[in-house]
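The values are calculated or read from the model by the stated rules, or taken from the named source; none is laboratory data. The structure presented is a predicted model; accordingly, all values stated were derived computationally and were not measured. Backbone-built Cβ (ideal geometry, glycine too); neighbour counts: all protein chains shown. For accessibility, only protein heavy atoms count, side chains too; no ligands or nucleic acids. Shrake-Rupley method; radii C 1.70, N 1.55, O 1.52, S 1.80 Å.
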Amino acid sequence: MPTKIDAQKWYERNSKRIGVPVDLIRQNYREEFEGEKDIGEPLEIPDKMEVFYKYTYGQQSRFFREIRENQKLYGARCKKCGKVFCPPRAGCPHCFEDTEWLPLEGTGTLVTYTIVYFSNSVFARKVPFVCGYVKLDGTDFLILQSIYMDDVEKARPGMRVKVCYQEERDGRITDIYFTPVDE
Amino acid sequence: MRRVAIIGAATTKFKSRWLDRTYYELAYDVTKEVLADAGIGKDRIDSCVYGMYNDLFARQYQPDLFAHDYIGMAPRPAVRVNTGGATGGSAIRMGMAEVASGMSDVTLVLGVEKCNDCFNYEAGITTPEVLKSINYTADMTYEFPTGRTAASVFALAVIAHQEKYGGLPTREQMAKVSVKNHRNAVKNPVAQSPKLLTVEDVINARMISYPFGFYDNCLYTEGAAAVILASEDVARKLCPKPIWITGVGAALDWAFLGNRPNLYEFHSSREAAVRAYKMAGITNPRREIDLAELHDAFTGTEIMAYEDCLFCEPGEGGKLIDQEVVEPWGDLPVNLSGGLIGCGHAVGATGIMQTVEVVMHLRGEAGERQVKEARRGLVQSIGGIANAWTVVLILEKEV
Ligand SMILES: [Zn+2]
């Protein structure tokens, strides 16, 4: 006689394999092991795809280090047309000319925004929040960022904002955020 | 360039979950259907183009390899296309290039997508994990970490449009698009979400990303769609009702939205439409097109698409829904299939499903949804961050 598999051990093995708590595995597969299933019914199996990185910022490295170490925001100015990019880029896509670093004031204007009420697994606990495109003073393009506001419904295009720095900075773009400026 | 005809067209049922099919099994089903529709055997196929968007949905890199195997197309040449939501339109464009260039006489273009194998164990539902898989298409350094979703990015564009044009489109205009597309889906047997809603139902639904509520969003869908393209010689021999692709236009805009000249119009959509009209010899799209399938990922963006397809002046898209021009009884019906909101958005298959819809109308085989005297139709496929990609196709029947 073939031996029956132990459901509890299956929950535990798969919990470990995909890094999901065993009670959540049990909850979502209880029917498979504790209900009546025909041998040919569709069978669902837990899985995940995962890759680790130690990635490089390349020519944008200084931008992130200035934020993390000095709480300074930098743009990149094209040496030919003078347009200023933030997010920065090493070369201008219009002129194919190098850019140079330029310190920014960190103030700007909200051009357009949305209030996110439903987000993905990573952000599900943070909603609602405002994110929008900000035109930083002294730059020619826009940057997408979170705008921290007590009342999210007060967000409006044209609103003045300023950059703020997280207390714990990781070298990621989330080290900065914007808040409204009272004017 | 050789003329290219559509000689076969098929769509599987669009639904939230095909629990009893894998993606390559769906590819198999739709291949069988499209060959039957064209009345040919697989031996007539010279090459294949696959429209498949998300490897994370499929839990598989290069899923086209296995679809190609499953439908028995070895050793024919094949290529996979992925331009996000525009994948279906782009796949048809690439298939068209195969045939128009003379490299192939008959090309199978097949789109398939299965998103709801993604699963969030904590919430016990699929959606947050589906959204996460989609979000990996945002720039990983600057934009993914902000938590924006596809809905947010299109919302940003609609808010910019409202700011530019005095609050247009209005909440009511957007809600009417949702009501129309859900209602159109009622007459489409393959649609995922046939519903009779009121404007109030749409406005009162829970908020997803301001100004979009639950019913302003398209659906997550699993399904497949396919067309068979043929050269004029072959089409005339094999097909009693060939539908000709007389125009195609494509464009890819700046992907960091901050680099675009403005956010209140979709430049790629405008560019693609202009190119397609030029090729098809269309000078007055509002009068010369009998029906359109537009990429209504969100209600507000369908209204922006009326403008970007030059059906009206910039800023005036909302009037077309107010004046019922785009309703099934209007003179330019839009999304009779139900579109992405009513029929569903099986990403890689969507643009092909919408092409199949137009083909059925032009053949006079659209059943209850049939547009009277449909001679020429338009399909718009968009994809990537806030309409980065657009493909516009013009389809015509023999006159
Ligand atoms: Zn320059």
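Per-structure values
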| read-out | value |
| --- | --- |
| Which numbered condition A:L110 fails, given (1) away from the ligand (no atom under 16 Å from the Cβ); (2) modelled with pLDDT of 95 or more; (3) assigned to a helix (DSSP H, G or I) | (3) |
| Residue list for region B:53-71, restricted to those being within 20 Å of B:E98 (Cα to Cα) and in a loop (DSSP other than H, G, I, E, B) | B:I71 |
| Residue among A:I115, A:I67 that is more than 14 Å from the ligand (Cβ to nearest atom), within 14 Å of another protein chain (Cβ to nearest Cβ) and under 20 Å from A:G158 (Cβ atoms) | A:I115 |
| Condition met for A:K135 (at pLDDT below 90, away from the ligand (no atom under 16 Å from the Cβ) and of a type in the set (D, E, K, R)) | no |
| Residue check for B:A138: within 30 Å of B:L263 (Cβ to Cβ) and modelled with pLDDT under 95 | yes |
| From the options B:I352, B:I341, residue that is closer than 23 Å to B:L196 by Cβ, β-branched (V, I, T) and touching a residue at least 24 places away in the same chain (Cβ under 8 Å) | B:I341 |
| Among the residues listed as B:E368, B:E373, the single one being in contact (Cβ under 8 Å) with a residue 60 or more places away in the chain, in a loop (DSSP other than H, G, I, E, B) and over 24 Å from B:V112 (Cα atoms) | B:E373 |
| Selection status of A:F85, loosely packed, with under 12 Cβ neighbours inside 10 Å and either within 16 Å of the ligand (Cβ to nearest atom) or modelled with pLDDT of 95 or more (or both) | no |
| Wholly within region B:164-254, strands (runs of 3 or more DSSP E) carrying at least 1 residues that are touching a Cys at 6+ places or on another chain (Cβ under 8 Å) and open to solvent by less than 20 Å² (accessible area, probe 1.4 Å) | B:223-231 |
| Matching entry among A:E32, A:E12, A:E36 (being at pLDDT below 95, surrounded by 11 or more Cβ atoms within 10 Å (Cβ to Cβ) and among the acidic types (D, E)) | A:E32 |
| Number of positions in region A:147-178 that are open to solvent by 20 Å² or more (accessible area, probe 1.4 Å), part of a strand (DSSP E or B) and farther than 21 Å from A:E69 by Cα | 1 |
| Region A:39-59, subset more than 9 Å from chain B (Cβ to nearest Cβ) and either over 27 Å from the mean Cα position of the chain (by Cα) or in contact (Cβ under 8 Å) with a residue 60 or more places away in the chain (or both), residue least open to solvent (accessible area, probe 1.4 Å) | A:G40 |
| Criterion: open to solvent by less than 50 Å² (accessible area, probe 1.4 Å) and in contact with a Cys (Cβ under 6 Å, 6 or more places away or on another chain) - qualifying residue of B:A272, B:A305, B:A297 | B:A297 |
| Number of positions in region A:90-100 that are more than 6 Å from the ligand (Cβ to nearest atom) and buried (at least 19 other Cβ atoms within 10 Å of the Cβ) | 1 |
| Unique residue being within 14 Å of chain A (Cβ to nearest Cβ) and more than 29 Å from B:A97 (Cα to Cα) when the list is B:G342, B:G330, B:G317, B:G300 | B:G300 |
| Residue match in region B:262-272 (condition: touching a residue at least 40 places away in the same chain (Cβ under 8 Å), within 14 Å of another protein chain (Cβ to nearest Cβ), assigned to a helix (DSSP H, G or I) and within 30 Å of A:D140 (Cα to Cα)) | no |
| Matching option when the condition is touching a residue at least 60 places away in the same chain (Cβ under 8 Å), out of contact with any strand residue (DSSP E or B) (no Cβ under 9 Å at 6 or more places or on another chain), more than 9 Å from chain A (Cβ to nearest Cβ) and under 18 Å from B:L340 (Cβ atoms), among B:K164, B:K180, B:K176 | B:K176 |
| Filtered residue count, region B:321-335, keeping only those that are within 20 Å of the chain's Cα centre (by Cα) and open to solvent by 10 Å² or more (accessible area, probe 1.4 Å) | 2 |
| Close pairs (6 angstrom Cβ cut-off, 6 or more residues apart or separate chains): of a type in the set (S, T, Y) in region B:387-399, at pLDDT 95 or above and open to solvent by 10 Å² or more (accessible area, probe 1.4 Å) anywhere | B:T390/B:A251 |
| Sole residue being touching a strand residue (DSSP E or B) at 6+ places or on another chain (Cβ under 6 Å) and within 11 Å of chain B (Cβ to nearest Cβ), chosen from A:Y74, A:Y148, A:Y177 | A:Y177 |
| Top-ranked residue in region B:140-152 [being more than 8 Å from chain A (Cβ to nearest Cβ) and part of a helix (DSSP H, G or I); ranked as farthest from the chain's Cα centre (by Cα)] | B:F144 |
| Of the criteria (1) over 21 Å from the mean Cα position of the chain (by Cα); (2) modelled with pLDDT of 95 or more, which one B:V30 fails | (1) |
| Scope region B:61-73; condition closer than 23 Å to B:W18 by Cα and open to solvent by less than 60 Å² (accessible area, probe 1.4 Å); matching residues | B:P63, B:D64, B:A67, B:H68, B:I71, B:G72 |
